[in-house]
Amino acid sequence: MPSLYALVDCNNFYASCERVFAPHLAGRPIVVLSNNDGCVIARSAEAKAAGIPMGKPAFMCRELFTRHNVAVFSSNYALYGDMSARVMTTLSRFTPTMEVYSIDEAFLDLAGLPGGPEATARSLRETVVRWTGIPVSVGIAPTKTLAKLANRAAKKRPESGGVLDLAACSDTDAVLAATPVEDVWGIGRRHAAMLEAFGIRTALAFRELPRDFVKKRMTVQGLHTLLELRGQPCIDLEHAPPPARTLMSSRSFGRAVTTLDELAEAVAEYAARAAARLRARGLVASGVEAYVQTYADKDGRPPYANAAFAAPRAATAHTGELITAARQALETIFRPGHRYKKAGVILLGLEPGGRRQRSLLDAPPEEDARKGRLMAALDAVNAKWGHGALAPAACGIDKPWAMRQASRSPRYTTVWDELPVARAG
């Protein structure tokens, strides 16, 4: 049976997550800011209608925020990640054939489900909002590219009720004609500019191009996009994410960092975060890269950026060993006299912990087992009491360099002390 794809997309996801636990904000504009409360990275529908631009620095929007009584939040990725997991778990109850595409999007195969695709999509939509509080839109089509277009149209057509089945739609050409070519999934900025030069401005105009024209100028990937717009599936569901090759943890600092001690604390913190994620995936790393970036100096010197590599004795997921390697790399690239604005750690050479290649220099197996038990205890404590409840001293205590989050909402679903409280009577 041919597939019938549904793209489920959470509406204004970050803003919707904030509104779930603050229902008094219904109808009020909401924006979410990037790390260190820098730029606007998410907006509610009301904020979009108020003309608040995406990506604009927050300090340049203060007047708009005040004029429209905007609720401003620092980004709260612990909350967004957990809410995303709840949405995806709810979606998986409707079909086992599903691809989690991003934190707020998933493709589902609705072919052959009882009741028909549109009825299933409406039931799915109602269930997600009832169980999680997150509104979603659903686009249905014979290909993933068309499903993305259908989802976009469902959001722009209030009469659709948040669901549009393009396979059963009588005006598919009108939907494609209303879609700018740069909004077609798979057409990047460079190809959109090239198509604009040829007078191709809509998805409909692109669909009518000759195959040879597209393949010559946009390679086989562009040809796949063309065929998908014609209803010919070329992009299958990915039932499992590809194996991770690297794992990164980084942050911008809340203020300029000038000393090696503070920089080393930050790098240790990022290495510890990355190590915890590494263990959660059952992986080990055989290399660590540390990198730094600075502000431009007032004397006119250009910004300094550098990275260095260090390897632990053997592939490992042990927090202490990865911190040691990260700090060794950092010490080779630190230059005094600079004002550092960001640092990060990238774990390299990832492989499954149970199948890693051993060498004659490895520690005895019983030592590995002891380290494994220690890390398991560390992860269990932090899972129960929240990130950072138990951490190596190398990560620092006060962390004055930490990222600014002046308006972060509580981590309602992942930290016991920040659970919402309901009062009766």
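The mean accessible area for residues of the chain, using a 1.4 Å probe and ignoring ligands and nucleic acids, is 51 Å² per residue. Quick check on the chain: helices-only [θ] at 222 nm, where DSSP H runs of length 4 and up contribute -39,500 (n - 2.57) each and the sum goes over total residues. Nearest 500, please. Rounded to the nearest 500, it is -12000 deg cm²/dmol. Legend: calculated FRET efficiency, D398 to D171, from the Cβ-Cβ distance at R0 = 45 Å, rounded to 0.05, equals 0.15.
Ranked highest first by average number of other Cβ atoms within 10 Å, how do 373-379, 115-121 line up?
115-121, 373-379
Based on Cβ point charges of +1 for Lys and Arg and -1 for Asp and Glu, what charge dipole magnitude is obtained for region 171-230 about its Cα centre, in debye rounded to the nearest 20?
Values: 9 positive and 8 negative charges, 73 e Å.
For this selection, approximately 340 debye.
Taking the charge dipole of the chain about its Cα centre, with +1 at Lys and Arg Cβ atoms and -1 at Asp and Glu Cβ atoms, the residue from L350, L283, F65 reaching farthest to the positive side is F65.
With a Förster radius of 60 Å applied to the beta-carbon distance between S92 and K298, the computed FRET efficiency rounds to 0.65. Per the Debye formula on identical point scatterers at the alpha carbon atoms of region 324-425, with no solvent, log10 I(q)/I(0) at q = 0.19, 0.20 Å⁻¹ is -1.30, -1.34.
Here the Karplus curve 6.51 cos²θ - 1.76 cosθ + 1.60, taken at θ = phi - 60°, turns the phi angles of region 298-305 into couplings of 5, 7, x, 5, x, x, 9, 9 Hz, with x standing for Gly and Pro.
Around the Cα centre of the chain, unit charges on the Cβ atoms of Lys, Arg, Asp and Glu (plus for the first two, minus for the last two) sum to a dipole of about 540 debye. If the chain linking E182 and I103 were pulled fully straight, counting 0.36 nm for each residue of separation and taking away their Cα-Cα distance, it would gain 26.2 nm.
Under 23 Å of direct C-alpha separation, and excluding same-chain neighbours fewer than eight residues apart, K156 reaches these lysines: K48, K144, K148.
The alpha-carbon of K341 sits under 26 angstrom from the alpha-carbons of these lysines, leaving out residues fewer than 8 places away in its chain: K56, K298, K399. Packing here is the average count of other Cβ atoms within 10 Å per residue, and on that basis the peptides 416-423, 330-337, 227-234, highest first, run 227-234, 330-337, 416-423.
Where (i) 71, 66, 40; (ii) 65, 58, 57; (iii) 70, 62, 54 are the candidate values, the label of the one calculated here for Cα extents along the principal axes in Å is (ii).
A Förster radius of 22 Å combined with the Cβ-Cβ distance from E63 to S407 puts the calculated FRET efficiency at roughly 0.80.
The residue among M403, V214, N12 whose Cα reaches farthest toward the positive pole of the charge dipole of the chain, with charges on the beta-carbon of Lys, Arg, Asp and Glu, is M403. Taking only the Cα atoms of region 247-395, the radius of gyration and Dmax are 16.3, 56 Å.
The values are calculated or read from the model by the stated rules, or taken from the named source; none is laboratory data. Just so it is clear, the structure is predicted and the values come from calculations on it, not from any experiment. Here the Cβ is made from the backbone with ideal geometry for all residues, glycine too, and neighbour counts use every protein chain on show. To get the accessible areas, we keep the full protein, side chains included, count just its heavy atoms, and leave off ligands, DNA and RNA. Shrake-Rupley method; radii C 1.70, N 1.55, O 1.52, S 1.80 Å.
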